Structures are given as C-alpha cells and as structure tokens.
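Report on the structure given below.
The values are calculated or read from the model by the stated rules, or taken from the named source; none is laboratory data. Keep in mind that this is a model prediction, so the values were computed, not measured. Neighbour counts run over all protein chains shown; Cβ positions are idealised from the backbone, glycine included. Please note that ligands, DNA and RNA were not included when accessible areas were found on the heavy atoms of the full protein model with its side chains. Shrake-Rupley method; radii C 1.70, N 1.55, O 1.52, S 1.80 Å.
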Amino acid sequence: PRFDIDLLMPAPMMPFVMERLDQAFRVCKLWLAADREALLAGVAPRIRAIAAGGSAAVTADLMARLPRLECVAGFGVGYDAIDAAWAGAHGITVTNTPDVLTEEVADTALALILMTVRRLPQAERYLRAGRWLEKAFPLSPTLRGRTAGILGLGRIGKAIAQRLAAFGVAVHYHGRQRQADVALPYHATPLDLARAVDVLVVVTPGGPETRGLVNGAVLEALGSDGVLINIARGTVVDEDALIAALRDGTILGAGLDVFAQEPTVPQALLDLDNAVLLPHVGSATLHTRQAMGQLVVDNLLAWAEGRPVLTPVPETPARSTRGAG
Ligand code: 8YV
C-alpha cells in the first residue's frame, strides 16, 4: 500500500471503495475474521483510521480501544452510528458524505410523497391482482391544496422544499433555529409545525437529540388528513405511536424509507394498507452511491497526506484535521 497506515473496516463497502482503500492502506476487514475479537485485539494498537460503511456502529467503546485512532470516515450523510461527540472530544476527525446525495434523496422524498398521497403502490398492486378488470381503482386523496412542513431544513430539506414549490405546494419548516435567509414560515416546535401542515416531512439528523421527536401528540396535531413522510432516521419517529395513529385514523397515511430497527420492519406496519414502505433507498442509485464512496476515499487520502479532510462533521475540532503527517 501507498501509506504505512493500518485502517479498520468493520463492515464491507462498495467493491471499488475497498479496492482503492486496499491500494492506499493496510486494511483490516473485521467482518471476514472468524474471531473478530482476537483480530481486533491484535491490530488495535496500530489502527489509525476507520472506514465505516453502511450502518457499522463506531462506538466510544470501540474508539477507546484504538489509541492511535485519528480519523473515522463514514459512508452516508447521517452519522448517528458514529459517536462523533466522543471522537471530537478526543481529537479524532470524523467525516461524512454530504452534498453528493442531496438531490437524490430529495427526489426520493418527492416520489414517496406522491406515492403516499396518491396511493400509487396500492394502485399498482390493484392492477397486478387483476382487480382493474372488475372496477376502477378508488379515487385517492390529492396533493392539491396541501401545505407541507419540513422538519429539519438543512441541505436535503431545502432541496425538498424547492421541489415542493415547483409542485405548487406551500412549505413551512421547523428546525432548532429560524434561518434568517429563509422566507418560508417558521414554527418554533414540531407540534406547532404539525398543526399548520398536512404533509410532515422528516429530514432531521438521527441520534439522541431527535429521538422520538415525532410522537403521538405531533401525529395527532398533523390530523386525520395528514401524511407523515420519513426519509431521515427511524429513531426520529415513535414507531409504536405511528402504528397506532395509522391504525385508528389519527393520520391518513405514512411514507417511510427508514425504520427503528432496520432491516426489520414491524409486522404491524407491513399489515397497514395506508403505509408506503421503502427499504432505505433514499440515496440508493449507482451514480450517487459511487459519489459517496469516492468521497469516503478522498477524505481518507486527504487525511493520510496531511491535507484538510473534505467534509468533516461539525463535532470535529479544527485542530484534528491536521492529518497524519
Ligand atoms: C445510506 C443514509 O443508506 O446517507 C445516509 O445518511 O442513510 C444513506 O445514504 C446509509 O449511509 C447506509 O448505507
């Protein structure tokens, strides 16, 4: 390899990412080991970087076992599986893959909104079941005249808002702070936002700060004509409260790309006809996943060459981006 650096890879990544990392580093592929614990104990003193693919958890416990760790490069814009606060406090750089997936995820969100409101998956199932031959598919609810609320108006939230505007849908938002340069109506709490809209789109980061933010009260405020869309993290929504709200008509429907315990989806959700369920495909195109994978590689190469990493997360202290030298 090009660098005299040991890199830990806890879970498999895209083949081209693994190839490029193999060319640059000595890569310890943890998932291949028969005895992971033994392998980890052996390499731990030498590991200086982690490439964290998929939902591989990079916990404080794991990082604390790696005394020379300097850089954790995550695949994905969301990095709730990485304890970035702990890393930041210990001078460890954490990177994610923002920007390159923004438009893709926003496209998925719009698709999910239309699928859910217009009941398009149900209509397709109806056709395939041969039921069209008997009678026309029942008339569906509409996007016309709706107001959407973006919960978390970051890069992806703004790309969704832009698309909704093109569809003639009014957009409001809630975030931790009102944004001075945003003209959209702001609501100080998720509850206030839910009261004002009938499509609630969850685009917040995951993690402890947003856990259960969309609870039973928020769903009740969204109302019986309301639609919940979640393309963020399953943890942001109280899944049990959502199931109850879908079942008893507290809300009209839900479009979900993310779940609390992926890839397990509760049977209660599978049983509900007013839920549209996708297997976490928000960014899942070859084009966008390649861009994300390349950004993981580029962040690690920048760090190894002593350059600033391209996309550090905010928890990363500035001084830790000095690189490996
Ligand atoms: C990926 C994501 O599916 O970027 C994110 O935060 O959730 C998705 O792009 C995820 O990184 C797991 O591979």
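Multiplying the sequence separation of residue 192 and residue 23 by 0.36 nm and subtracting their Cα-Cα distance, what value in nm do you get? Don't skip to the end; give the middle numbers.
Working: separation 169, 0.36 × 169 = 60.84 nm, distance 5.21 nm.
Result for the pair: 55.6 nm of gain on full extension.
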Worksheet item: Carbon-plus-sulfur fraction of the accessible area of the stretch 15-57, 1.4 Å probe, in percent?
Response: 56
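Per DSSP H run of at least 4 residues, take -39500 (n - 2.57); add these up for the chain, divide by its residues and hand me the 222 nm value, nearest 500 deg cm²/dmol. Can you show the working numbers first?
Numbers: 12 runs with 112 residues, N = 325.
Value at 222 nm, helices only, nearest 500: -10000 deg cm²/dmol.
Set the Förster radius R0 to 51 Å, insert the Cβ-Cβ distance between residue 4 and residue 224 as r into 1/(1 + (r/R0)^6), and round the FRET efficiency to 0.05.
Working: r = 63 Å, r/R0 = 1.23.
According to the calculation, E is roughly 0.20.
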Discussion item. Considering the Cα positions of the stretch 102-277, please state its Rg to one decimal place and its Dmax as a whole number of Å.
Written reply: 15.7, 55
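So how do 239, 103 rank on accessible area, 1.4 Å probe, biggest first, that is with the largest at the start?
Details: 239 35, 103 100 Å².
Descending order: 103, 239.
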Item to complete: Can you quote the Å³ per residue value for the convex hull of the Cα atoms in the stretch 1-43, rounded to an integer?
Response: 57
Worksheet, complete the sentence: Here the residues of the stretch 59-86 lying in the modelled label zone of residue 37, meaning backbone nitrogen under 20 Å from a point 7 Å along Cα-to-Cβ, are 59-67
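Multiply the residue gap between residue 61 and residue 184 by 0.36 nm, knock off their C-alpha separation, and tell me the result in nm, one decimal place.
Details: separation 123, 0.36 × 123 = 44.28 nm, distance 4.21 nm.
That works out to 40.1 nm of additional length.
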Discussion item. Keeping every protein chain present and rolling a 1.4 Å probe, give me the accessible area per residue for the chain in Å².
Written reply: 47
Item to complete: Quick one: grab Rg to one decimal and Dmax as a whole number for the stretch 150-218, Cα atoms only, in Å.
Response: 11.5, 35
Worksheet item: Which whole-number percentage describes the relative contact order of the stretch 187-310, with Cα contacts under 8 Å and a sequence gap of 6 or more?
Response: 19
Worksheet item: Percent relative contact order of the stretch 237-325, based on C-alpha pairs within less than 8 angstrom and at least six residues apart?
Response: 19
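Give the average over all directions of the projected area of the C-alpha convex hull of the chain, one decimal, in nm².
Working: hull surface 73.9 nm².
That works out to 18.5 nm².
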Worksheet item: What nm distance separates the two modelled labels at residue 135 and residue 247, each placed 7 Å from Cα along Cα→Cβ?
Response: 2.9
Worksheet, complete the sentence: Taking only the alpha carbons of the stretch 78-142, the radius of gyration and the largest Cα-Cα distance, Dmax, both in angstrom, are 21.2, 66
Discussion item. Taking a virtual spin label 7 Å from the Cα of residue 124 along the C-beta vector, which residues in the stretch 262-300 bring their backbone nitrogen under 15 Å of it?
Written reply: 275-282
Worksheet item: Given springs between every Cα pair under 10 Å in a Gaussian network model of the chain, which of 110, 277, 30 has the largest fluctuation?
Response: 30
